[in-house]
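One structure below.
The values are calculated or read from the model by the stated rules, or taken from the named source; none is laboratory data. For clarity, every value in this text was computed on a predicted model and none was experimentally measured. Cβ: placed from backbone, ideal geometry, glycine included. Neighbour counts: every protein chain shown.
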Amino acid sequence: MISAAQEKSNSPSSIMRLNGVSLFTDIQKLIFPQLIEAITSNGRIHLAGGALRDYYMFGKFLYPELDFIVSGLKKNELLAILRKFGKARYVGKSFRVIKFYREDTPQNSHDFSLPVLHQEITDSLLESNEGISVEEDLASRDFTINSMAFDLGKKEFLDLFGGVKDIEQKVIRTIREDAFERDPIRVIRAIRFATQFGFEIDPNTWYGLSNNSDSVNNMAVERVRDELVKILLRCKNPSGAFLKMEDVGLLKNILPELHQCSGVSQPGGRHDHDVFIHSLKSVDYAPQNLVVRLAALFHDVGKPPKRFVPKDGRARFYGHQELSDEIAKRRLKQLKFPNKTIKKVSTLISNHMFTHKVTQKGVRRLIKKVSEDLVPDLFQLRYADMKAQNPRLSLAEDREFEERVNDEINRKPPITVSDLAIDGNDIMESFGLKPGKLIGKIQDHLIEKVIEDPEINEKEKLLDIVKIFLDYLDKNN
């Protein structure tokens with residue numbers, strides 16, 4: 001329930017008109033005006049959450065997904081209205097939210113829900129959401145900047161907890177003292193918002209998240225993963241978030257391998273920083289691309305156990321890229337990242353120490369190992385790595401090598417099995433073989449030969465190589 005102080009703040013003086021006409025017009029561009037009319041004829045609808053915060057801060061919606069609170073209707077009544085204008089379905093553990101998709105923009109969804117208490121969902125909370133008011137919904141949200149609402153019927157802006165003031169003063173502040181106990185993911189969210197918007201965290205809020213930094217160990221890993229993704233994609237310089245996590249004792253709980261890089265010095269080489277700071281700077285220098293930034297974050301996490309400093313005083317980290325790859329794959333799998341993402345990140349990390357001093361055959365081998373699609377990302381990681389080592393380092397040799405690689409790609413040499421002049425059927429028919437692992441083994445042998453010399457990628461020449469290979473296998477089995 002909302003407190004007396006909160007009830008008092010719900011006075012006419014706390015309800016303001018904030019660009020109501022332009023805001024309403026922009027909302028109508030994303031959902032149908034007729035849909036708004038259908039809801040307001042029997043109830044009330046408020047825009048709330050991050051979309052309204054962004055609109056107040058930037059004068060536009062940063063993302064095309066909106067969050068609405070609907071009161072005065074039952075859940076099935078709301079669902080029936082929404083289905084007249086597009087597709088709608090219940091989502092979430094408690095089915096508290098209805099995802100709505102317009103037929104003409106199915107790639108974007110909007111959230112519609114009745115007023116609810118915002119906290120980590122447990123079965124015991126389901127009944128407590130009955131009869132919740134809009135004001136109580138807003139009072140249970142995480143931070144003041146996310147607790148504002150706009151009434152689409154009255155075109156009035158509702159700010160019960162000083163969200164506008166905190167936006168103007170650039171402060172992240174919880175609404176209630178038990179905000180982090182009610183939902184521990186807010187510990188990460190507070191840090192993410194502060195980094196994303198360049199805000200300071202209110203001292204009492206910082207104290208609260210410091211006392212709850214271990215609570216994320218009990219969170220669903222998917223929620224932690226989603227916050228990490230937002231840090232990497234929405235923050236221009238994610239390093240600020242990871243530094244705050246380290247300061248508050250949070251990083252050791254969610255990314256212990258990155259935490260272990262702190263204080264691991266790299267003397268005698270080109271590095272200006274320890275492994276931890278270098279990794280964070282690499283992420284900042286990387287483009288806002290999830291795969292590249294994940295690779296930058298993990299590309300050196302294998303260095304601490306590989307650190308070796310001989311008599312010359314220069315640190316070596318032999319084989320760290322392979323260990324970094326193993327560690328990254330394990331952590332990303334635990335965080336339930338998609339397998340495709342993990343595979344791409346793994347490829348970048350395991351190949352980020354490539355050398356320029358190779359023949360064209362070596363260039364083709366690199367393209368094969370990385371794949372044409374990931375070559376641009378590999379060089380983005382390389383540039384971020386080098387800038388993080390020392391921003392004064394010249395990138396000229398790497399840019400020259402990138403041109404060599406791209407020139408080779410443009411020549412379209414045979415790189416994969418699908419580029420061979422013969423396929424599995426040709427091999428089976430020519431040598432009376434049956435489908436099985438042997439066919440794949442033969443094709444792998446052929447592509448290695450063709451990478452060495454693209455001129456032999458002709459049917460008869462390849463069949464001759466297959467014959468020699470099969471004779472070799474017969475004599476050695």
Confirm whether GLU222 is surrounded by fewer than 24 Cβ atoms within 10 Å (Cβ to Cβ), more than 25 Å from ASP377 (Cβ to Cβ) and either in contact with a Cys (Cβ under 7 Å, 6 or more places away or on another chain) or not assigned by TED's automatic domain parsing to the domain that holds LYS336 (or both). no
How many of the residues in the range 291-318 are out of contact with any strand residue (DSSP E or B) (no Cβ under 9 Å at 6 or more places or on another chain) and crowded, with 16+ Cβ neighbours inside 10 Å? 14
Within the bounds of the range 246-254, is there any residue that is closer than 24 Å to PRO391 by Cβ, modelled with pLDDT of 95 or more and acidic (Asp, Glu)? yes
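Among the candidates ILE36, ILE45, ILE81, which residue alone is within 23 Å of LEU160 (Cα to Cα), in contact (Cβ under 8 Å) with a residue 12 or more places away in the chain, over 25 Å from the mean Cα position of the chain (by Cα) and not in a loop (DSSP other than H, G, I, E, B)?
Details: ILE36 fails: within 23 Å of LEU160 (Cα to Cα); ILE81 fails: within 23 Å of LEU160 (Cα to Cα).
Result of the check over ILE36, ILE45, ILE81: ILE45.
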Picking from ARG399, ARG331, ARG364, the residue that is crowded, with 20+ Cβ neighbours inside 10 Å and under 30 Å from GLU455 (Cβ atoms) would be ARG364
Tell me, which helices (runs of 4 or more DSSP H) wholly within the range 213-255 include 3 or more residues that are under 22 Å from SER324 (Cα atoms) and within 14 Å of the chain's Cα centre (by Cα)? 221-234
A careful count of residues in the range 338-354 that are touching a helix residue (DSSP H, G or I) at 6+ places or on another chain (Cβ under 8 Å) and not aliphatic (A, V, I, L, M) gives 8
Can you give me the number of residues within the range 1-45 that are touching a Phe, Trp or Tyr at 6+ places or on another chain (Cβ under 6 Å) and either closer than 19 Å to SER71 by Cβ or at pLDDT 95 or above (or both)? 2
Are any of the residues in the range 199-211 free of Cβ contacts under 8 Å to residues at least 24 places away in the same chain and among the hydroxyl-bearing types (Ser, Thr, Tyr)? yes
Quick check: is even one residue across the range 255-277 in contact with an Asp or Glu (Cβ under 6 Å, 6 or more places away or on another chain), within 22 Å of THR341 (Cβ to Cβ) and crowded, with 17+ Cβ neighbours inside 10 Å? no
Given the condition of a type outside the set (A, V, I, L, M, F, W, C), surrounded by fewer than 23 Cβ atoms within 10 Å (Cβ to Cβ) and within 26 Å of LEU290 (Cβ to Cβ), answer yes or no: does some residue in the range 196-204 qualify? yes
The range 77-99: number of residues that are within 14 Å of ILE39 (Cβ to Cβ) and surrounded by fewer than 13 Cβ atoms within 10 Å (Cβ to Cβ): 1
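Can you tell me how many residues in the range 303-331 are among the basic types (Lys, Arg) and either assigned to a helix (DSSP H, G or I) or not assigned by TED's automatic domain parsing to the domain that holds LEU348 (or both)? Can you show your working first?
Here is the first cut: in the range 303-331, the residues among the basic types (Lys, Arg) are 303, 306-307, 311, 314, 316, 329-331.
Retained after the next criterion (residues that are either assigned to a helix (DSSP H, G or I) or not assigned by TED's automatic domain parsing to the domain that holds LEU348 (or both)): 303, 306, 329-331.
Qualifying residue count for the region: 5.
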Quick one: in the range 443-460, which of the residues that are farther than 16 Å from GLN360 by Cα and free of Cβ contacts under 8 Å to residues at least 40 places away in the same chain is surrounded by the most Cβ atoms within 10 Å (Cβ to Cβ)? LEU446
